[in-house]
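The structure appears right after this line, and notes come after that.
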């Protein structure tokens, strides 16, 4: 189909800026010295152990309480400090189909929206699986019981801090040791401390995506923007799916056919 010259020119410009396929892009090698890598690995090991314990403790607190917000921010501070103390981190670049390098902005945000759509559809299915349904209710109560600004703040703080540490410091420390698979495995294992299968599954799926973004771009900007976009959308639209609804017959609360009186 022949497009009008103006439309064809605009489409050509847009197409040129589209990123190359995620799996085809080459990683960026910053050539860190062995001394830097050794220091980074020592920091990463200690912060992994500390952060994992604090993460499990934070989700054992009462939803909406001061203790919850304080402990969650401590977890975020631990991940962020670990990333900062481990050595230099990089934002990365995304390579377009015109072979030009650009800072990743639009593509990561669009990826976060797409990831949210996938998880929203998965949540509709999970409501029919008792184990996942119960796990989602437990984790979403932290969003529904708290003040919205505070919940958004802690969610964004943790999302950014996780990328700084797991796709920043940890990924760089792994160097050529299958960093995507290994960093995702460690990220998922850290989430096991929450004892929530829904969070563990999400960590495995999203950790893989974040790792691929890190490998393709050579930095943490792409995965951070995707993580924040996905997290905020999940926070905004997922809790209403699992709220109790009044039974029209007797006024009690029912959810998925269960009486919650």
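Ordering 94, 105 from the fewest to the most neighbouring beta carbons within 10 Å gives 105, 94. Look at 32, 95, 163 and count the other Cβ atoms within 10 Å of each Cβ; fewest to most, that gives 32, 95, 163. Compared with the direct C-alpha span, the chain from residue 182 to residue 97 gains 27.7 nm at full extension, assuming 0.36 nm per residue. Using the Cβ-Cβ distance between residue 232 and residue 85 with R0 set to 41 Å, the FRET efficiency works out to roughly 0.90. Between residue 30 and residue 57, the C-beta separation translates, for a Förster distance of 51 Å, into a calculated FRET efficiency of about 0.90. Here each label is just a point 7 Å from Cα along the line to Cβ, and for residue 153 and residue 241 those points are 2.8 nm apart.
With the cut-off at under 18 Å, measuring from each backbone N in the stretch 50-65 to a point 7 Å along the Cα-to-Cβ line of residue 134 picks out 60.
Bear in mind these aren't lab numbers, they're just calculated from the coordinates by the rules spelled out. Bear in mind that the values here come from a model prediction, so they are computed numbers and not experimental data. Using ideal geometry, Cβ is built from the backbone for each residue, glycine included, and neighbour counts are taken over all protein chains shown.
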